[in-house]
Amino acid sequence: PVEQMLGGKFPHTILTLVDVTNGKTYRHRDMERLKSFASGHADVQTTNGDYFTWKGEDKPFEYDFHVAWRDSLGDISLTTALKMTKPPLAVNGSGYIKLPKGDSGYFSQTRLETTGELTINGVRKKVSGIQWIDRQWLGMSFAANLDYYYDWWALQLNNNEEAILFRIKDFETNAVAMSLLEINHADGKREHVDGFVLSDLPFGWQLSAPSTGWELKIVPACKGQGIWQSCDITGTIHGKPVAGLAAAEL
């Protein structure tokens, strides 16, 4: 919120790495202002071989992604190509969360088109769909909000509209301290929605946003999904039928 006031008075980058295993903390400062993205700005690879790699300046919104793991459910590997199709949705347009107590860090959700291969216990199949990436950098004032928790949905509709929906609730009373609905329309226009109602129902949730004509039902796709859930969406926008999918973190 104070970026314009600060101008270029401080280093562009201040980085801190905490090594919890060896009890060490490392810090780095970069005094240069950011002129452009470095060629490796999104190149990350783990010791296990997982990676997230930018495809380069000629494809600035495209990435290669790979992750593999083995657990009680099986041996799983996913390799995909990702393409950002719209600008990220960011809270209140500035990239800062307006919390019940103060402001906190950057918060955004990005939708990417996804194509690739999924291998489960040696059986490989082609897959395509949507991947949502959730980014959060929490600031100091977040510590003042430890008495709250949130639930969050990323909505994707079959009319090429998408939205971010979340509520922050009080731990003790479950009262909603704040809520947010932000839409990316088919033409890429972003709309912050006020005056909406998200109701808890026995089968899921009802979303009513009169100012945008949204009347949607969000229903978990299957039982026992845990914190992360896949949901189906049905309803109307200005009286016309619409359907879609949602990813939820509860």
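The values are calculated or read from the model by the stated rules, or taken from the named source; none is laboratory data. Because the structure is a prediction, the values reported are computed rather than measured. Reconstructed Cβ throughout: ideal geometry from the backbone, glycine too, with neighbour counts over all protein chains shown. Remember, those area values only see protein heavy atoms, side chains included, never the ligands or the DNA or RNA. Shrake-Rupley method; radii C 1.70, N 1.55, O 1.52, S 1.80 Å.
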Find the residue count for the range 86-109, including only residues that are open to solvent by less than 80 Å² (accessible area, probe 1.4 Å) and modelled with pLDDT of 85 or more.
1
Hey, any hits in the range 159-181 for a residue that's among the β-branched types (Val, Ile, Thr), surrounded by fewer than 16 Cβ atoms within 10 Å (Cβ to Cβ) and touching a strand residue (DSSP E or B) at 6+ places or on another chain (Cβ under 7 Å)?
yes
Does at least one position in the range 230-246 carry a residue that is surrounded by fewer than 17 Cβ atoms within 10 Å (Cβ to Cβ) and within 27 Å of Asp103 (Cα to Cα)?
no
What residue, of Gly195, Gly226, Gly213, is surrounded by fewer than 15 Cβ atoms within 10 Å (Cβ to Cβ) and in contact with a Pro (Cβ under 7 Å, 6 or more places away or on another chain)?
Gly195
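How about the range 119-235: which strands (runs of 3 or more DSSP E) wholly inside it have at least 3 residues that are touching a residue at least 40 places away in the same chain (Cβ under 8 Å) and not charged (D, E, K, R)?
In the range 119-235, the matching strands (runs of 3 or more DSSP E) lie at 123-136, 148-157, 162-170, 176-184.
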Tally, over the range 63-77, of residues that are closer than 23 Å to Ala154 by Cβ and open to solvent by less than 40 Å² (accessible area, probe 1.4 Å):
4
Checked the range 98-118 for anything closer than 22 Å to Leu250 by Cα and either over 20 Å from the mean Cα position of the chain (by Cα) or assigned to a loop (DSSP other than H, G, I, E, B) (or both); matches are Leu99, Pro100, Lys101, Ser104, Gly105, Tyr106
